[in-house]
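Structure, as structure tokens:
Values in this text are rule-based calculations from the coordinates and carry no lab data. Worth saying up front: this structure is predicted, and the values here are computed from it rather than measured.
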Amino acid sequence: MSMRREIPFFNYSALFAENEGELSEIMLDVCRRGAYILQEDLADFETRLAEYMGVKHVFGVANGTDAIWLGLNAVGVGAGDEVILPSHTYIATAAAVHYVGATPVLADIGPDHMLDPASVESLITSRTKALLPVQLNGRTCDMDALQAIADKHGLIIVEDSAQGLGSRYKGRMAGTFGKFGTSSFYPAKLLGCFGDGGAVVTNDEFVAERIALLRDHGRDPKTGKVVAWGFNSRLDNLQAAVLNVKLKTFDKDVARRREIAARYQEMLGDLPDLVLPPAPDADPNYYDSYQNYELEADRRDSLQAFLQENGVRTIIQWAGTPVHQFDELGFKEVCVPATDRFFTRCLMLPMNTTLADGDVVYIGERIREFYKK
């Protein structure tokens, strides 16, 4: 039996310690230059991320929630419209729909825990304007099926890819399928900064022009003149500089997450008490980047308590509450049985690049010990 370890769910301080020298120097350089808002570091990051994702335009914004809200504004979603999204998402996705004046309509998940196309189609009405798939846990939805539904009913697709950067469906990266996609750079994300941050990505010229205005008070980027009503939502230059450093190792970081996922699969895949995420390369249509490692577990609460007693911290995503269960928000008669069942069983194991191989083995051994008992 391995010696007891203390394994946090996410080691925030290690984000800095891993590359303290280069990160310190880049932050000092930004401060010495007094380059804080809409400066060259942000422009460089937007260019590099656009090249990485294979899109024409990237706009750094204040956070991932703003990214969805700005994008919905840019594509004209508003009062009287309905937007279909999964209930298995963070409240920010639905809140962005609400705050452009539209109605969030909550759909169920499929066996892969992603937005279920059949549930989506059953919810379409004459008011439906957009489908909003959430590219969750570093996996991309079945975008062929969702695009077919959108085409059939004359709808647009917009993407919440806050957890999806680096994942692909049939070779195409999450965030690049719709009129716009979004990213979040919250510290625990696949590509995380040291505060809040986000981005809107698009290949649509009209959407790009609108986002450029909306994020910066309605000012024309070329003239500086206010030409429309806008907001203040800009990724600050210091965070962009940090992200520039981290983007250099992003592919390596994703590869490490996939190694950890493969080890979890190797150690836990034979346990009938668990339903694991798809293993790396289990399906050639999907390339998962493993933002999180979310499984289903029999006796979930007891397992979580046992792991905590043994030094392993886990979490239940969204504090165990899918969007439709927030009674104060007024959702009524939402029928998502797969989501309801999932949230009695879901648990997230540690999944990040600060985990050592020994940590992963220790976690696997403790889970096997629990179910052996």
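Points worth noting:
- Here the stretch 85-159 yields Rg over Rh of 0.92, to two decimals, using C-alpha coordinates and the Kirkwood radius.
- Between the alpha-carbon centres of the stretch 53-69 and the stretch 136-166 there is a gap of 16 Å.
- Only lysine pairs 8 or more places apart or on separate chains count here, and in the chain those with Cα atoms under 16 Å apart total 6.
- Bins of 10 Å from zero: percent of alpha-carbon pairs in the stretch 1-113: 11, 23, 29, 23, 12, 1
- Annotation: amide H-H contacts under 5 Å for residue 128 (H modelled 1.01 Å from N, sequence separation of 5 or more, or interchain): 82.
- Stokes-Einstein D for the stretch 322-363, Kirkwood Rh over Cα pairs, 25 °C, 0.890 mPa s (µm²/s): 184 µm²/s
- Average projection, convex hull of the Cα set of the stretch 190-250: 5.0 square nanometres.
- Placed amide H near residue 57: partners under 5 Å, 5+ positions off or other chain: 202
- Per-bin percent of Cα-Cα distances, the stretch 287-342 [5 Å]: 4, 14, 20, 21, 17, 14, 8, 3, 0
- Long-range amide H partners of residue 105 with built H, under 5 Å: 83, 84, 85
- A simple rule links phi to the HN-Hα coupling: the Karplus curve 6.51 cos²θ - 1.76 cosθ + 1.60 with θ = phi - 60°, which for the stretch 239-249 gives 5, 4, 5, 4, 5, 4, 5, 6, 5, 4, 10 Hz, with x for Gly and Pro.
- Calculated Rg and Dmax of the chain using C-alpha coordinates, Å: 20.8, 69
- Take every Cα pair under 8 Å whose residues are at least 6 apart in sequence, average their separation, divide by the length of the chain, and the relative contact order is 22 percent.
- Karplus 3J(HN,Hα) series, Hz, for the stretch 220-236 with 6.51 cos²θ - 1.76 cosθ + 1.60 (x for Gly, Pro): 5, x, 7, 9, x, 8, 6, 10, 6, 6, x, 10, 10, 8, 10, 5, 6
- For the stretch 57-200, the Stokes-Einstein estimate of translational diffusion at 20 °C and a viscosity of 1.002 mPa s comes to 145 µm²/s, using the Kirkwood hydrodynamic radius over alpha-carbon pairs.
- Couplings 3J(HN,Hα) of the stretch 263-279, computed from phi: 5, 4, 4, 4, 7, 10, x, 8, 7, x, 7, 10, 10, 8, x, x, 6 Hz, in residue order, whole Hz [Karplus 6.51 cos²θ - 1.76 cosθ + 1.60, θ = phi - 60°; x for Gly and Pro].
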